[in-house]
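See structure below.
The values are calculated or read from the model by the stated rules, or taken from the named source; none is laboratory data. Just so it is clear, the structure is predicted and the values come from calculations on it, not from any experiment. As a convention, Cβ positions derive from the backbone with ideal geometry for all residues, glycine included, and neighbour counts pool all protein chains shown. Areas reflect the complete protein model, heavy atoms only, side chains present, ligands, DNA and RNA absent. Shrake-Rupley method; radii C 1.70, N 1.55, O 1.52, S 1.80 Å.
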Amino acid sequence: MTAALASEGLSVSFGSLHAVSGVDLVLPAGARHALIGPNGAGKTTFVSLLTGALAPDRGRVRLHGEDITRASVPARVKRGLGRTFQVTSLFPEMTAFEAVALALAERDGLTWRCLRPLARRGRRDEAAEILGRLGALPQAGRPLGTLAYGQQRVMEIALALAGRPRVLLLDEPAAGVPAGESTRLFEVLETLPADLALLFIEHDMHLVRRFARTVTVMAGGAVLAEGSPAEVAADPAVREAYLGRRRA
Ligand SMILES: Nc1ncnc2c1ncn2[C@@H]1O[C@H](COP(=O)(O)OP(=O)(O)O)[C@@H](O)[C@H]1O
Ligand SMILES: [Mg+2]
């Protein structure tokens, strides 16, 4: 079966620093895949290569088999590669409902100048469906700027879902979210469509063990280990590179 998303030998250097070197990663449809590793391991850089924010020096990215290595960020989004943007701080007065409806309108090819179709029934229903699925309807009418930090992160996921992604990439979705709320945020992720391929970067091993089915461990720009959460947690090289350093 064709992978939803795959990287082959993906590499990029910043000067003499090999930030990402030769990373192969395969995400099947329905993946719940965590990317972990110590600070500076190259996780964010790798995700930027997948989204198209950065161009690789070597290697390929395939989305449903199609080579998208040189495709622009918007072209990848259009083909179903979703990611979150920290937009809640950019539009603090906009309500979540308005923001999701606007994202839906944009997906459907409408420009900012013709906002009337925003009010169209189908799009309102779809915005409510997305927000409802994430348990965010109670906050939907409130300005984004007034929401708690964790709720803002959920709204960013709602905005990403408006693009109907088949693959979703999340770089530390719970970063900065109070400890009590981060589990709730991951419970929201569990409600995502079963066939959506999800790759998330996460530091908290409790969250990784609970929510990931597969884990890739990066260190020094390369893949150190891959397997189930239990397998990688038991791997001596991983303990040395990641868990050991975290305790220090
Ligand atoms: N734009 C950049 N220019 C130069 N060095 C960078 C840039 N982005 C990241 N790096 C470096 O690349 C390495 C990997 O960074 P990053 O991908 O952010 O790691 P992680 O997300 O795993 O913490 C780090 O040493 C970081 O300092
Ligand atoms: Mg990072």
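I'm checking my understanding of the structure. Among residues of the range 40-90 that are crowded, with 21+ Cβ neighbours inside 10 Å and part of a strand (DSSP E or B), which one is nearest to ligand 1 (Cβ to nearest atom)?
For the range 40-90, the residue satisfying everything is ARG83.
Kindly indicate whether GLU8 is assigned by TED's automatic domain parsing to the domain that holds ALA233, touching an Asp or Glu at 6+ places or on another chain (Cβ under 9 Å) and either modelled with pLDDT of 95 or more or of a type outside the set (A, V, I, L, M) (or both).
On the way: assigned by TED's automatic domain parsing to the domain that holds ALA233: yes; touching an Asp or Glu at 6+ places or on another chain (Cβ under 9 Å): yes; either modelled with pLDDT of 95 or more or of a type outside the set (A, V, I, L, M) (or both): yes.
Taking the combined requirement at face value, the residue satisfies it.
Read through the list (1) more than 30 Å from GLU98 (Cα to Cα); (2) away from ligand 1 (no atom under 16 Å from the Cβ); (3) under 19 Å from the mean Cα position of the chain (by Cα), then give the number of the only condition that VAL177 fails.
VAL177 satisfies all of (1) more than 30 Å from GLU98 (Cα to Cα); (2) away from ligand 1 (no atom under 16 Å from the Cβ); (3) under 19 Å from the mean Cα position of the chain (by Cα) except (1).
Would you say ALA248 is modelled with pLDDT under 95, open to solvent by 50 Å² or more (accessible area, probe 1.4 Å), of a type in the set (A, V, I, L, M, F, W, C) and within 17 Å of ASN39 (Cα to Cα)?
Working: modelled with pLDDT under 95: yes; open to solvent by 50 Å² or more (accessible area, probe 1.4 Å): yes; of a type in the set (A, V, I, L, M, F, W, C): yes; within 17 Å of ASN39 (Cα to Cα): yes.
Against the criterion (modelled with pLDDT under 95, open to solvent by 50 Å² or more (accessible area, probe 1.4 Å), of a type in the set (A, V, I, L, M, F, W, C) and within 17 Å of ASN39 (Cα to Cα)), ALA248 qualifies.
For the range 221-241, how many residues are surrounded by 16 or more Cβ atoms within 10 Å (Cβ to Cβ) and either part of a loop (DSSP other than H, G, I, E, B) or not assigned by TED's automatic domain parsing to the domain that holds GLU8 (or both)?
2
Please list, ordered by first then second residue, the pairs with beta carbon atoms under 8 Å, 6 or more apart or interchain, first in the range 150-172 and under 16 Å from ILE201 (Cα atoms) and not assigned by TED's automatic domain parsing to the domain that holds MET94, second assigned to a helix (DSSP H, G or I) and open to solvent by 30 Å² or more (accessible area, probe 1.4 Å).
ASP171/THR44
Which ones in the range 22-48 are within 13 Å of the chain's Cα centre (by Cα) and away from ligand 2 (no atom under 11 Å from the Cβ)?
Answer for the range 22-48, where residues must be within 13 Å of the chain's Cα centre (by Cα) and away from ligand 2 (no atom under 11 Å from the Cβ): LEU27, ALA31, ARG32, HIS33, ALA34.
Just for the range 178-204: of the residues that are within 16 Å of ligand 2 (Cβ to nearest atom) and touching a residue at least 40 places away in the same chain (Cβ under 8 Å), which one is farthest from ILE157 (Cα to Cα)?
Ranking the qualifying residues of the range 178-204, first place goes to HIS203.
Residues checked against (1) assigned to a strand (DSSP E or B); (2) within 19 Å of GLY52 (Cα to Cα); (3) in contact with a strand residue (DSSP E or B) (Cβ under 6 Å, 6 or more places away or on another chain):
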| site | (1), (2), (3) |
| --- | --- |
| GLY145 | no, no, no |
| GLN151 | no, no, no |
| VAL154 | no, no, no |
| ALA158 | no, no, no |
| LEU161 | no, yes, no |
| ARG164 | no, yes, no |
| LEU170 | yes, yes, yes |
| ALA175 | no, no, no |
| GLU181 | no, no, no |
